[in-house]
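Notes to accompany the following structure.
Nothing in this text is a laboratory measurement; each read-out follows from the coordinates by a stated rule. From a predicted model like this one, the values you see are computed outputs, not experimental measurements. Reconstructed Cβ throughout: ideal geometry from the backbone, glycine too, with neighbour counts over all protein chains shown.
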Amino acid sequence: MNTPPRVLVVDDTPANVKLLEGILTFKGFEVVTAASGPEGLKKLAESPPDIVLLDIMMPGMSGYDVCKAIRSEPGTALLPVVLVTSLDPQGERIKGIEAGADDFLTKPINQPELLARVRSLLRIKELTDKSEALAQELAQLNASLEARVAEQMEQLERLGRLKSFFSANVAEGILAAGGAKLLETHRRMITVVFLDLRGFTAFTDTNEPEEVMEVLSEYHRVAGAAVTRWGGTVERFAGDGIMIFFNDPIPMDDPTGHALAMALEIQRDFAPHAAAWAKRGIELGLGIGVAEGYATLGAIGFEGRWDYAAIGSVTNLAARLCGEAAAGQIVTERRAMARAEARFEFTPAEDLQLKGITRPVAAFLLIGPKA
């Protein structure tokens, strides 16, 4: 809707045009005039009006033809059109309705009737414009909503895939910090933790698979809760063996401190379960190894089945230290001990000659956090 409302007057008689223009301009309307049907359609395209006052009897292109042309265009299909005639009102109305006219005026023009009909149709035009604007806004909102829903569904799908081998907070951090790019192959200093049950082989040899699965489920719940709390990344489960690393794919402050705190928490929470199993004749203990060093990390696998892996000597070192740990012990090496000795207490153990490592390794037992 224009401000002030714009009226297009199309009439080939100058006196009629002048009369209508004078009345409407005096009442605050903007008036655009045309002396023929083709000129009227041209003016309509150049300066879109809010209503058209259209003389029927014009040479060449009649008012009926102009009205039909207006109705044939989607942009003006609902534009109010008033036909002005001095002929038989009844006959002209039928033809006008068939052409798509909204209302009729007879000559000579009655000023109050003219203004009443124009204002009435403009109110309808205003409501129509508002409805169209609301419909367009709703369509835009729907399109935007569909795009957001699609984006969120895609993000949830990616998050679901990431959660298959990351804790929820790490998976969400990956998406927030760059998504799949963080999973590309790279090298980084990490702290690796290996968990392994003492006595598990003998247990599986003498018990039913259902009982073995029950014990593993309890053990995994204990480990999983601590991994999630301390922000570790589980690389793999191998029966009773679990490998966890810290500082990747999301870097963190003090990864070794997180790894040692997690190891202490797992040993603490594992103890009541081990005591309950012992009453049933199941003798299981937990050994843990912790090592710090550089590794190459990234997603490995094939389409439909991906894992996130750390490859390097540090993973082998942590696994060997875990193998040397007795039930209830947490064994670490010199680099991790030096990194964390301000916060944790250690006691030296004998140097270890580990399989696959040529030199003896200085080993330390983690006692607990310092007071």
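Brief remarks follow.
- For segment 33-43, 3J(HN,Hα) per residue [Karplus equation, 6.51 cos²θ - 1.76 cosθ + 1.60, θ = phi - 60°, Hz, x = Gly/Pro]: 10, 8, 9, 7, x, x, 5, x, 5, 5, 5
- When the Cα convex hull of segment 6-135 is projected onto planes of every orientation, the mean area is 7.4 nm².
- Förster radius 25 Å - calculated FRET efficiency between ALA139 and GLU98, Cβ distance, rounded to 0.05: 0.15
- Seen against the Cα atoms of the chain and their longest principal axis, helix 313-324 is set at about 50 degrees.
- Lys/Arg +1, Asp/Glu -1 at C-beta; segment 6-135 dipole; positive extreme among VAL32, LEU20, PRO112: PRO112
- log₁₀ of I(q)/I(0) at q = 0.16, 0.29 Å⁻¹ - segment 187-230, Debye sum with one point per alpha carbon: -0.57, -1.08
- Structure note, pairs LYS107/LYS130; LYS68/LYS125; LYS68/LYS95; LYS42/LYS68: Cα-Cα distances above 22 angstrom occur for LYS107/LYS130.
- Couplings 3J(HN,Hα) of segment 201-206, computed from phi: 4, 5, 4, 5, 6, 10 Hz, in residue order, whole Hz [Karplus 6.51 cos²θ - 1.76 cosθ + 1.60, θ = phi - 60°; x for Gly and Pro].
- Peptide packing for 124-134, 338-348 was compared via the average number of neighbouring C-beta atoms within 10 Å per residue; ordered from the highest value, the list is 338-348, 124-134.
- Here the alpha carbons of the chain define both size measures, Rg and Dmax, at 41.9, 119 Å.
- Helix 14-26 axis, angle to the chain major axis (alpha carbon atoms, nearest 10°): 50 degrees
- Cα long-axis angle, helix 63-72 against the chain (0 to 90 degrees, to the nearest 10): 10 degrees
- For segment 340-347, backbone phi angles converted through the Karplus equation (6.51, -1.76, 1.60; θ = phi - 60°) give residue-by-residue couplings of 10, 5, 6, 10, 10, 9, 10, 10 Hz, Gly and Pro being listed as x.
- Net charge over other residues, Cβ less than 10 angstrom from the Cβ of ASP50 (K, R count +1; D, E count -1): -1
- The sum of -39500 (n - 2.57) across all DSSP H runs of n ≥ 4, divided by the residue count of the chain, sets its helix-only mean residue ellipticity at 222 nm to -16000 deg cm²/dmol.
- Amide H to amide H, with H built 1.01 Å from N, LEU286 comes under 5 Å of ARG198, GLY328, counting only residues 5 or more places away or on other chains.
- Under 13 Å, Cβ to Cβ, from ASP269 - net charge with Lys/Arg +1 and Asp/Glu -1: +1
- Residue order, fewest to most surrounding Cβ atoms within 10 angstrom, among VAL361, VAL9, VAL222: VAL361, VAL222, VAL9
- For GLU235, distant residues with modelled amide H under 5 Å away: MET243, ILE244, PHE245
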